[in-house]
Amino acid sequence: MTNENDLLAVAAENCKTLTSAVTAAGLDETLQGKGPFTVFAPTDRAFAAIQKDVDNLMKPENKSELGKVLTNHVIKGKTMLADLKDGQEITTMEGEKLKVSIKDNKVMIGNAIVSSTDIPASNGVIHVIDSVLLPTT
């Protein structure tokens, strides 16, 4: 049920580590599913900043933990940048609450700066961020 414009295909263009991790965690069908979803997609550089953790999470025995990290970057529904408000809390599919901060035209989700916004996909939207949002639980 792949679609060349689904979230996974669109993310693969610029966020290769994310798409590899999604596949390793078995979440590819979810991000290729009906949706809509909003994905806060860490750049390859963001993953490289925690490479040791990434290497550990990519091991087959850590598939469940990897899934938790990845679902912490996804929210249900299609949320465009204009829908986000300063001080808003959004709940990820992992169940974590992330705070939205908007100041001087800089948008942050948790501790991550949003660098590219409103990238359309057939089943949602992608916002590229500069760090990995690790779950607190």
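The values are calculated or read from the model by the stated rules, or taken from the named source; none is laboratory data. On a predicted model such as this, the values are computed, not experimentally measured, just so you know. All Cβ positions, glycine included, derive from the backbone under ideal geometry; neighbour counts span all protein chains shown. What goes into the accessible areas is simple: the full protein's heavy atoms, side chains included, and nothing from ligands, DNA or RNA. Shrake-Rupley method; radii C 1.70, N 1.55, O 1.52, S 1.80 Å.
Numerical summary
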read-out: Region 124-137: number of residues that are part of a loop (DSSP other than H, G, I, E, B) and either touching a helix residue (DSSP H, G or I) at 6+ places or on another chain (Cβ under 6 Å) or open to solvent by 40 Å² or more (accessible area, probe 1.4 Å) (or both); value: 7
read-out: Meets criteria (touching a residue at least 12 places away in the same chain (Cβ under 8 Å), over 16 Å from Leu8 (Cβ atoms) and surrounded by fewer than 16 Cβ atoms within 10 Å (Cβ to Cβ)) for Lys59; value: no
read-out: Flag for Val39 being aliphatic (A, V, I, L, M), within 14 Å of the chain's Cα centre (by Cα) and assigned to a helix (DSSP H, G or I); value: no
read-out: Members of region 86-114 found to be open to solvent by 30 Å² or more (accessible area, probe 1.4 Å), touching a residue at least 12 places away in the same chain (Cβ under 8 Å), more than 13 Å from the chain's Cα centre (by Cα) and over 18 Å from Leu70 (Cβ atoms), listed by number; value: Asp86, Gly87, Gln88, Lys99, Ser101, Ile102, Lys103
read-out: Any hit, region 98-113, residues being of a type in the set (Asp, Glu) and touching a helix residue (DSSP H, G or I) at 6+ places or on another chain (Cβ under 8 Å); value: no
read-out: Residue check for Thr30: in a strand (DSSP E or B) and within 21 Å of Ile90 (Cβ to Cβ); value: no
read-out: Scope region 69-85; condition assigned to a strand (DSSP E or B) and open to solvent by less than 50 Å² (accessible area, probe 1.4 Å); matching residues; value: Val74, Ile75
read-out: Flag if Leu8 is of a type in the set (A, V, I, L, M, F, W, C), over 22 Å from Thr136 (Cβ atoms) and under 14 Å from the mean Cα position of the chain (by Cα); value: yes
